[in-house]
Amino acid sequence: MTAPLRLALADDQALVRRGLAALLGADKGLEIVLEAADGSELLDALVATPVDVILSDIRMPGMDGLALVRALRERGDATPVVLLTTFDEDALPLQAAEAGAQGFLLKDASPEDLHEAVRRVAAGETLLAPVATDAVRARYAYRDASAPSDTFGAREVAILRLLAGGLSNKEIARSLFLAEGTVKNYVSDILDKLGTRDRTRAVLKAITLRVI
């Protein structure tokens, strides 16, 4: 029998945490092992209790969800994060992607969508569908909305997903058991294929074009 996915929740509202815990706990394949009222509290708890997926509100007093993701990536923690919000603003998905989150959902998403998001990011996918909006597409329209110059292999897609998680070349190399120089060459090829100057633009364009 497959072990359930271990989840952590961060939200400053206790009622929201209870609701999410009840909703997700009803699925036998998911287990809530950590709850916290802000990003800092969760960051500390994760040191002793690692999880498979983190669900965090974007806006919280103290350390918010975006700051939580950045802090995780800075210390080399690649745990997938799904950011939740009640605010339907074009800028938020973009900020989530830039911070290194793997998922972004509005809190009014259906239970099925939430469960699917958890499972997909746990499997290594990037679920930032809301980023593929007119606002993000407009950001690239002035630059180059054309398709990549070549197709992407499975290894390149995997590296793009890790780039989306905010990992450095060294962290990607460790995750994929590659030499750091090899990863650097892959990243260079990815930038060339996408016609972008840097990693952040490469990730956002790859999301926009649904490469990842």
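Restricting the first member to the stretch 171-184 and to residues that are assigned by TED's automatic domain parsing to the domain that holds Ala154, and the second to residues that are exposed (fewer than 15 other Cβ atoms within 10 Å of the Cβ) and part of a helix (DSSP H, G or I), the beta-carbon pairs closer than 6 Å and six or more apart or on different chains are Ala173/Glu180; Glu180/Lys170. Of the residues Thr86, Thr126, the single one that is more than 11 Å from the chain's Cα centre (by Cα), modelled with pLDDT of 60 or more, polar (S, T, N, Q) and not assigned by TED's automatic domain parsing to the domain that holds Ile159 is Thr86.
Put simply, of Val157, Val187, Val183 the only residue that is within 15 Å of the chain's Cα centre (by Cα) and either in a helix (DSSP H, G or I) or crowded, with 20+ Cβ neighbours inside 10 Å (or both) is Val157. Does Ala48 satisfy the criteria of being at negative phi and surrounded by fewer than 17 Cβ atoms within 10 Å (Cβ to Cβ)? Taking the combined requirement at face value, the residue satisfies it.
The set of residues from the stretch 99-117 being in contact (Cβ under 8 Å) with a residue 60 or more places away in the chain, in contact with a Ser or Thr (Cβ under 8 Å, 6 or more places away or on another chain) and either not assigned by TED's automatic domain parsing to the domain that holds Val16 or not charged (D, E, K, R) (or both) comprises just one member, Gln102.
Scanning the stretch 196-212 for residues that are among the charged types (D, E, K, R) and more than 16 Å from Ser146 (Cβ to Cβ), we see that the one that is surrounded by the most Cβ atoms within 10 Å (Cβ to Cβ) is Arg199. Against the test of being β-branched (Val, Ile, Thr), in the same structural domain as Leu72 (by TED's automatic domain parsing) and over 17 Å from Arg75 (Cβ atoms), the options Val47, Val16 yield a single qualifying residue, Val16.
The values are calculated or read from the model by the stated rules, or taken from the named source; none is laboratory data. Since this is a predicted model, take the numbers as computed values, not measurements. Please note: Cβ atoms are built from the backbone with ideal geometry, for glycine as well, and neighbour counts cover all protein chains shown.
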